[in-house]
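Here the structure comes first, spelled out in structure tokens, and everything after it is commentary.
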Amino acid sequence: MTLVKEKQLKILEKGKVTTPKGFQAGGVHTGLRKTKLDFGWIHSEVPATAAGVYTLNAFKAAPLQVTKNSLDKTGKIQTLVVNSANANAVTGPQGEKNALETQKLVAEKKGVEVDHVAVASTGIIGVQLPMEKLYKGIHWMDEAENQGAERFESAILTTDTVTKYAAVEVEIDGKPVTISGAAKGSGMIAPNMATMLSFITTDAAVEQSSLEAGLRQVTDKSFNMITVDGDCSTNDMVLVLANGLQENQTLNESHPDWDVFLNGLQYVSQDLAKQIAKDGEGATKLIEVQVKGAGTDKAAGEVAKAIISSNLVKAAVYGSDPNWGRIVCAVGYSEQPIAVDKVSIALGDLQVVDNGLPIDFDEEAGTEYLQQETVTIHVDLQNGTGEATAWGCDLTYDYVKINASYRT
């Protein structure tokens, strides 16, 4: 994937999932949560070509299974609904029945085909979904006071402290195409479908197979490159809906503007992924790890994820301790080819290791650098041209507090 020229990628600071043509969204409080919004939806005027990627956890939640089955059949989504507070995971046949019933009732409410409805849930595992509360949410979907992308963004949250959204505009066939997204994620975030819910909308026309391939490609450089705590959840997925209402020539890999579209999708996905990492439970800092000089991009990615997943590295960043030994340790156990006498490491602009050996550096400057809200760790393996970037957060006392009382 080649980089697009800056003028071809316009960042929409206030863009929402409803910014692309033909999308509506909303949210409502049904009682699943005590006071906050807990049931949200996105709806397209027409069936949208869709693609998804899903958690690798063996205990895949019922709504995820139902959504995947429908998307595999039709390749289309027109309406998606999300509830928070209850994951509807590890709930057996009754959980599947509840997900299917939700899908059926939403289809009836919105006048769309059953298999064009996606359902998603997030929250506590192992508890049956209280359907009487979802009935209320579905009933209220068309009420004017419940409309708005901001309400959707809030309704999908669990332990998140902020809503997460991103949007860009790109030029396809001379037409302005918008790509927007909203996400939730704060804990149970780990590489390999780095765990959260993310929903991306676009008014571009895209072939389904190309959209699916493109999503997988950008996921490997965005959602699969973040971690908060190393736990891979049961419910998490990314869905992209392309409704084609800008009426461009249908995009695929042979279209001259394919890379322009893909870079827009990459930007939105990466921005959402970074927001999730930054909002990790109890987090105070965003950590970015840039690795270059690996044998392959994949090898660089594995090294970056080893560093960003290290609790010792995360704790050191929280304490503003420039303990580079923890970084070296993570590089060493990444199970990638490493020439130990070539590795160089820097904290921001402050180099601490050169050709596999420590160098004198100003400890106070290292401590001061690590007190910033965003910390960048640079690793040069000097063993090839592969490179990758991963994102995570520091590990704090509050992470333990939040998860020690999650159900209470």
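The values are calculated or read from the model by the stated rules, or taken from the named source; none is laboratory data. As the structure is a prediction and not an experimental result, all values here were calculated from the model. Cβ coordinates were reconstructed from backbone atoms using ideal geometry, including for glycine residues, and neighbour counts include every protein chain displayed. With ligands, DNA and RNA removed, areas are computed over all heavy atoms of the protein, side chains included. Shrake-Rupley method; radii C 1.70, N 1.55, O 1.52, S 1.80 Å.
Which of (1) within 16 Å of residue 179 (Cα to Cα); (2) modelled with pLDDT under 95 does residue 15 not meet, given it meets every other one?
The one condition residue 15 does not meet is (2).
Give me a count of the residues in region 130-157 that are under 28 Å from residue 94 (Cα atoms), assigned to a helix (DSSP H, G or I) and open to solvent by 20 Å² or more (accessible area, probe 1.4 Å).
6
Pairs needed: first member in region 333-349, outside any strand (DSSP E or B); second member anywhere, of a type in the set (D, E, K, R); C-beta distance under 9 Å; at least 6 residues apart or different chains.
Once the first residue is outside any strand (DSSP E or B) and sits in region 333-349, its partners that are of a type in the set (D, E, K, R) give 334/302; 334/305; 335/302; 336/298; 336/302; 342/380; 343/354; 343/380.
Which residues, counting only those in region 73-95, are more than 17 Å from residue 107 (Cβ to Cβ) and either in a helix (DSSP H, G or I) or touching a Phe, Trp or Tyr at 6+ places or on another chain (Cβ under 7 Å) (or both)?
If the condition is that a residue be more than 17 Å from residue 107 (Cβ to Cβ) and either in a helix (DSSP H, G or I) or touching a Phe, Trp or Tyr at 6+ places or on another chain (Cβ under 7 Å) (or both), then 89, 90, 92, 93, 94, 95 are the ones that fit.
Kindly provide the set of residues from region 158-177 that are assigned to a strand (DSSP E or B) and either touching a Phe, Trp or Tyr at 6+ places or on another chain (Cβ under 9 Å) or open to solvent by 10 Å² or more (accessible area, probe 1.4 Å) (or both), ordered by number.
Hits for region 158-177 are 165, 166, 168, 169, 170, 171, 172, 175, 176, 177.
Go through region 248-288 and give me each residue that's in a loop (DSSP other than H, G, I, E, B), open to solvent by 50 Å² or more (accessible area, probe 1.4 Å) and closer than 21 Å to residue 316 by Cβ.
Of everything in region 248-288, just one residue is in a loop (DSSP other than H, G, I, E, B), open to solvent by 50 Å² or more (accessible area, probe 1.4 Å) and closer than 21 Å to residue 316 by Cβ, namely 284.
For residues in region 105-128 being touching a residue at least 60 places away in the same chain (Cβ under 8 Å) and assigned to a helix (DSSP H, G or I), which is surrounded by the fewest Cβ atoms within 10 Å (Cβ to Cβ)?
110
Is it the case, given these coordinates, that residue 311 is closer than 24 Å to residue 196 by Cα, open to solvent by 10 Å² or more (accessible area, probe 1.4 Å) and more than 17 Å from the chain's Cα centre (by Cα)?
yes
Kindly provide the set of residues from region 23-45 that are touching a strand residue (DSSP E or B) at 6+ places or on another chain (Cβ under 7 Å) and either of a type in the set (A, V, I, L, M) or open to solvent by 10 Å² or more (accessible area, probe 1.4 Å) (or both), ordered by number.
23, 24, 25, 28, 32, 37, 42, 43
Just to be sure, is residue 20 part of a loop (DSSP other than H, G, I, E, B), touching a residue at least 12 places away in the same chain (Cβ under 8 Å) and within 20 Å of the chain's Cα centre (by Cα)?
Here the answer is yes, as residue 20 does meet what is asked.
Could you give me the residue pairs with C-beta distances under 9 Å whose first residue belongs to region 80-104 and is more than 24 Å from residue 243 (Cα to Cα) and touching a residue at least 40 places away in the same chain (Cβ under 8 Å), whose second residue is charged (D, E, K, R) and open to solvent by less than 30 Å² (accessible area, probe 1.4 Å) wherever it lies, and which are 6+ apart or on separate chains?
84/38; 84/184; 85/38; 86/38
Just to be sure, is residue 291 within 14 Å of residue 386 (Cα to Cα) and in a strand (DSSP E or B)?
Spelling it out, residue 291 is indeed within 14 Å of residue 386 (Cα to Cα) and in a strand (DSSP E or B).
If you check residue 48 against the conditions, is it assigned to a strand (DSSP E or B), closer than 24 Å to residue 253 by Cα and either open to solvent by less than 30 Å² (accessible area, probe 1.4 Å) or in contact with a strand residue (DSSP E or B) (Cβ under 7 Å, 6 or more places away or on another chain) (or both)?
Yes.
Kindly establish whether residue 375 is open to solvent by 50 Å² or more (accessible area, probe 1.4 Å), at pLDDT 90 or above and within 29 Å of the chain's Cα centre (by Cα).
For residue 375, the condition - open to solvent by 50 Å² or more (accessible area, probe 1.4 Å), at pLDDT 90 or above and within 29 Å of the chain's Cα centre (by Cα) - is not met.
Step by step: first the residues of region 317-326, then only those that are in a helix (DSSP H, G or I) and open to solvent by 10 Å² or more (accessible area, probe 1.4 Å), then the one that is nearest to residue 368 (Cα to Cα). Which residue is that?
Here the answer is 318.
Would you mind telling me which numbered condition in (1) of a type in the set (Gly, Ala, Ser); (2) within 24 Å of the chain's Cα centre (by Cα); (3) open to solvent by 10 Å² or more (accessible area, probe 1.4 Å) residue 92 fails?
Here residue 92 meets the rest and fails (2).
Of the numbered conditions (1) within 21 Å of the chain's Cα centre (by Cα); (2) on the phi < 0 side of the Ramachandran plot, residue 85 fails exactly one; give the number of that condition.
Here residue 85 meets the rest and fails (2).
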